[in-house]
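What follows is a set of notes on a single structure, which appears directly below.
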Ligand SMILES: Nc1ncnc2c1ncn2[C@@H]1O[C@H](COP(=O)(O)OP(=O)(O)OP(=O)(O)O)[C@@H](O)[C@H]1O
Ligand SMILES: [Mg+2]
């Protein structure tokens, strides 16, 4: 990948229309008597734009799924609001344009793959021909063509995941929310899933995904948010976040080793041709561990700028 | 047959019923909105709560407008598939077993086997169908929520109303199929079980002769089958009847070498009655609003004393020569209350008399014998004798002298001193015709269908906000309160008015005290302070039950099985009213369910 290339996404940088917006969105789970059980999400402000691939990261129980559920209207905010396509998240009409892959594929086990897709297609009020066409296409796409007549109860975890993805795309959604899309998939499946996500983006769709597989996130996401115990710790463009600001890396091709000292000198005065200069990247894994460690060491604060070697502005993204 | 009230014409009934329905529905909606506001106000303050409730209602209404038949149908299909997966068809096996056992333990020699079999089959069908849909409907949605499969559904553009309606529809479909199968099997079972014939042996027949000694026919008796035999009367042309016994009769036909007895007639009937209005004369011959209540049977049936001028008088109207050209087919059920045993195997004797309501002219008295529990027929011919002032009689034409503008009075009097006749308005009627029994049976099944629909809707509604077992209890509670709604209403009236005679024994606390102290319920309490406190507490306890009783459905009132078992055609007006009532309840429950589900966090 070309690290120092221009902006990875066609949109962003404050342009493009906002698809998802949260303002002070928070969620406290309560028990039957209204006593608070768990603050799952502390006030969160997010803006996600059309055509973005947005990653939600965080340790287990940090509120990623909770955030998605709030955006889908499956649970109601304790305070603040979540807007999707400009209307409230509890408005069902927005679901016409959304695809959702839950954490585990919650599907009816007594249906087979075709029946499953047909059923969800009906829920989108799709006419029969279109349902059949989309179902066949998606079953083919997720590689279940041979198993399409088998009941889901017989499916393996990865197969269930695949039909779950197909189900999420039945309506050709504009906004796709994927809760750990690669969990349970084999390496080929994971690769295909990543290709699929990038392909969705290429077709102008917006993707929000949660994942623990940081390499996957690093590969596909334009922007990420890191949650820790319900609190936003980090938010920004992946490339900005991963750039090590206080280090300069120089790469060149076709130079004899003896010329190194000379080049340094030359570089000091004027730039040479074919010379690449930039900040090296850390891996997302390193960043993630640092953010979490920092959050644990100093609770209640956004990740320190020093962590990423300056360049603080990029975290105030959006 | 129990008929508490006259059946109003549907066209006259529906208007006021609709107004009451809308009023009750509106009231319930306002109460629900108020409750929602209260709970929200605790968490968010009064203003924000008002805003939330308002927006919730708007969103709910917008959802209703967006309801799509295709989605509802998809969810209904899913519910059917789920039911099949839960092996509901097993219930058909259970029903088969019940039929098998019924074949053994129901006695075909009983007084009225038709009644027994139909009543049993309808009750069994009703119970099984309602039980199945109850179990399906209360456990389905909670299971879906627990397994979280509902999350994949609600993140599609599915309205909560569609989820509720789809489930009601799906389970109702399952119930309908079960009901159809059970109904058909039950019908076949009943028809097979009660159909029978007899033989007639030559030695059981005696020739009848006319004055000249020529043989004009025969009388005798049939063989004893299924615990009964009939008296046989054969006319000169060789045909005759095996007279009514056990609620039916047979036709008799001469065949080679003897007589053949046909199938039982009158066992499975659907009579169409023309009913009159009833008033009473007391033992001194004075008009009374009521007869004498002897405290047994149902309150609606009144008793007249034998050997006195006491009479029960029906006034029929709409009698015409066109409708009844040959005479009036009067049918009657007369109950007996004996104050002394008399000869128990004999009926109690009495008379039926006709009277012109305008001129007061009376016919001769037709003697009757009250046989309890069966419908007696008395065919009043066109030419009847009338009483003259000098004590003589004169034969007149029924329509010329006795029927006035289609109106006619029928007087019933009991002849035996110390015995009483008990009658209700519905007990005397002119049979205007016969409906088909199969159709009537199907209409009876329709009553079960209504009950099934209501149970389904109720179960699904409760399952939108309660866990399965709790939803089941709640449904049963509503059905139970609905079943006793008449009693609860009277009990409350008794509490409020202090009229002890309406329901003796008082409310729940008072009854408990009476049980503990083993006090008779017929003795009212002195108004001591303690008694008054208890009565006041009872009234407070009863108020919400009274309210509930006025809006909860009564499945037994929706049932029309009584008509079928008693052999009366179910009036179309009644069926239409029941259909409207059912629709009203289902719509109300579906709406309530939709709002409850919408207000619920489906994923928490
Ligand atoms: N229904 C619930 N009732 C109470 N607490 C809940 C509920 N659902 C989630 N929580 C709590 O909210 C917090 C956030 O949960 P959430 O499912 O959003 O985490 P997550 O980031 O998706 O974790 P994971 O990576 O394990 O999927 C957790 O502490 C969890 O225990
Ligand atoms: Mg999660």
- Computed on Cα atoms, the radius of gyration and Dmax of region A:17-173 in angstrom are 17.5, 50
- Can you give the relative contact order of region B:463-591 as a percent, counting alpha carbon pairs under 8 Å and 6+ residues apart? 30
- Message: Give me the base-10 log of I(q)/I(0) for region B:347-407 at each q in 0.18, 0.24, 0.30 Å⁻¹, Debye formula, one uniform scatterer per Cα, rounded to two decimals.
- Response: -0.69, -1.00, -1.26
- Per the helix-only model, the protein assembly as shown has a calculated mean residue ellipticity at 222 nm (DSSP H runs of ≥4, -39500 (n - 2.57) each, divided over all residues, rounded to the nearest 500) of -14000 deg cm²/dmol
- Note on the structure: Correct semi-axes for the protein assembly as shown, from √(5λ) of the alpha-carbon gyration tensor and rounded to whole Å with the largest first, are 83, 32, 21
- Taking a ≥ b ≥ c as the square roots of the eigenvalues of the Cα gyration tensor of region B:404-510, is the shape rounded (a/c under 1.5), prolate (a/b larger than b/c) or oblate? oblate
- Linear extension gain, residue B:42 paired with residue B:394, 0.36 nm per residue minus alpha-carbon span: 118.1 nm
- In nm, what is the difference between 0.36 nm times the number of residues separating residue B:512 and residue B:219 and their Cα-Cα distance? 99.2 nm
- Here the whole-number average of other chain Cβ atoms within 10 Å per Cβ of A:86-93 is 4
- How would you order B:500-507, B:376-383, A:94-101, B:132-139 from highest to lowest mean count of nearby Cβ atoms within 10 Å? B:132-139, A:94-101, B:500-507, B:376-383
- Item | Cβ crowding within 10 Å averaged over residues, with B:36-47, A:56-67 ranked highest first | A:56-67, B:36-47
- For B:82-90, mean number of other protein chain Cβ atoms within 10 Å: 1
- Inter-probe distance in nm under a simple model that places probes 7 Å from Cα toward Cβ, at residue A:202 and residue A:31: 5.2
- Query: What does the average come to when, for each residue of peptide A:68-75, you count the partner chain Cβ atoms lying within 10 Å of its Cβ?
  - Reply: 4
- Message: If you fit an axis through the alpha-carbon atoms of helix B:508-517 and take the longest principal axis of the Cα set of chain B, what angle between them do you get, 0 to 90°, nearest 10?
- Response: 70
- Note on the structure: Relative contact order of chain B (C-alpha contacts under 8 Å, at least 6 apart) in percent is 17
- Between residue B:29 and residue A:212, the two model label points (7 Å from Cα along the beta-carbon direction) sit apart by a distance in nm of 4.9
- Message: If you scale each eigenvalue of the Cα gyration tensor by 5 and take the root, what three semi-axes come out for region B:277-428, rounded to whole angstrom and sorted largest first?
- Response: 26, 16, 15
- Item | Percent breakdown of C-alpha pair distances by 5 Å bin, ordered from the shortest bin, for region B:202-261 | 4, 19, 30, 23, 14, 6, 2, 1
- Message: For region B:457-578, place one equal point scatterer on every Cα, skip the solvent, and apply the Debye formula. What is log10 of I(q)/I(0) at q = 0.19 Å⁻¹?
- Response: -1.02
- Task: For region B:441-484, compute Rh as the Kirkwood radius over C-alpha pairs and then the Stokes-Einstein diffusion coefficient at 20 °C and 1.002 mPa s; write the answer in µm²/s, rounded to an integer.
- Result: 194
- Query: Ordered by packing density, taken as the mean number of other Cβ atoms within 10 Å over each peptide's residues, highest first, how do B:239-252, A:143-156, B:447-460 rank?
  - Reply: B:447-460, B:239-252, A:143-156
- Message: Could you check the spin-label model distance between residue B:67 and residue A:157? Points 7 Å from the Cα along Cα→Cβ, value in nm.
- Response: 4.3
- What do the square roots of 5 times the Cα gyration tensor eigenvalues come to for chain B, in whole Å, largest first, as semi-axes of the equivalent ellipsoid? 54, 32, 22
- Over region B:277-428, calculate the relative contact order: mean separation of alpha carbon pairs under 8 Å at least 6 apart, over the residue count, as a percent. 35
- Item | Calculated FRET value between residue B:580 and residue B:548, using beta carbons and R₀ = 25 Å, to 0.05 | 0.75
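A short reminder: the numbers here are calculations on the coordinates, not readings from a lab. Everything quoted here is computed from the prediction, not taken from an experiment. Reconstructed Cβ throughout: ideal geometry from the backbone, glycine too, with neighbour counts over all protein chains shown.
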